[in-house]
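Note sheet for the following structure.
The values are calculated or read from the model by the stated rules, or taken from the named source; none is laboratory data. All of these numbers come straight from a predicted model, not from anything done at the bench. Here the Cβ positions follow ideal geometry from the backbone for every residue, glycine too, while neighbour counts run over all protein chains shown.
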Amino acid sequence: MISTLRRVFIIPPSVPIRNGQQQPLEISQGAERDKPLYVGSLGTPVYTNIEFQAGKYKDENGREVTFDALRIDTVLLTVSQSKNIVKTEIQGRNGTVKEYIGMSDYNISIQGIITGTNGVYPIDEVSNLKKILKASVPVAVNSWYLQNLDIDTVVVNDFTINQVAGGYSYQPFTITCLSDAPIELILV
């Protein structure tokens, strides 16, 4: 491993590599590599995906809309969270007094691509995605990445479904959503 560090960072053999205690640096090879979940429709290994679970809701006209589960293999997830802090200004004092209240919802950005077969637009999958995005209820999701952060239900804030010049057999999209935790009310 030391020889790899020397080669990558061009460190000559005359320069010793030591840690803070003046001991030779030992770098562990760590655990074995992650295994892909499966091989996707594009023939590439899939390490992270997201699956929107099937569900139903009532639209603005009171009609019941049902949507099927939709698994997206080509996806990048970005998760951020802020703290809820109340800031109080006090006359005659610079700055503010901060009172920590708790954590805000997770903000989740989902950038993905729905792929069709060569020369065929994935119209059914995009139609199903549209139903999911218009849902007026929280949507259950499965993703090891999100579950690792205790996120299993989301509410869609907004979305973009855009065309790509020269692209036809796939549909890129971006979804921004908030995490949602069901609250159980107990009537007494």
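All of (1) in contact with a strand residue (DSSP E or B) (Cβ under 6 Å, 6 or more places away or on another chain); (2) farther than 24 Å from residue 46 by Cα; (3) modelled with pLDDT under 95 hold for residue 131 with one exception: (3). Could you tell me whether residue 174 is exposed (fewer than 14 other Cβ atoms within 10 Å of the Cβ) and at pLDDT 95 or above? Spelling it out, it is not the case that residue 174 is exposed (fewer than 14 other Cβ atoms within 10 Å of the Cβ) and at pLDDT 95 or above.
Cβ separations smaller than 9 Å between residues 6+ apart or across chains give the following pairs from the stretch 126-148 residues that are loosely packed, with under 14 Cβ neighbours inside 10 Å to residues that are hydrophobic (A, V, I, L, M, F, W, C) and assigned to a loop (DSSP other than H, G, I, E, B): 144/37. Restricting attention to the stretch 61-86 and to residues that are without any contact (Cβ under 8 Å) to a residue 12 or more places away in the chain and of a type outside the set (S, T, N, Q), the residue that is nearest to residue 144 (Cα to Cα) turns out to be 64.
Here the condition is being under 15 Å from the mean Cα position of the chain (by Cα), outside any helix (DSSP H, G or I) and either in contact (Cβ under 8 Å) with a residue 12 or more places away in the chain or loosely packed, with under 10 Cβ neighbours inside 10 Å (or both); of 100, 168, 106, it holds for 106 alone. Look at residue 163 and say whether it is of a type in the set (S, T, N, Q), closer than 16 Å to residue 112 by Cβ and in a strand (DSSP E or B). No; evaluated as a whole, the condition is false for this residue.
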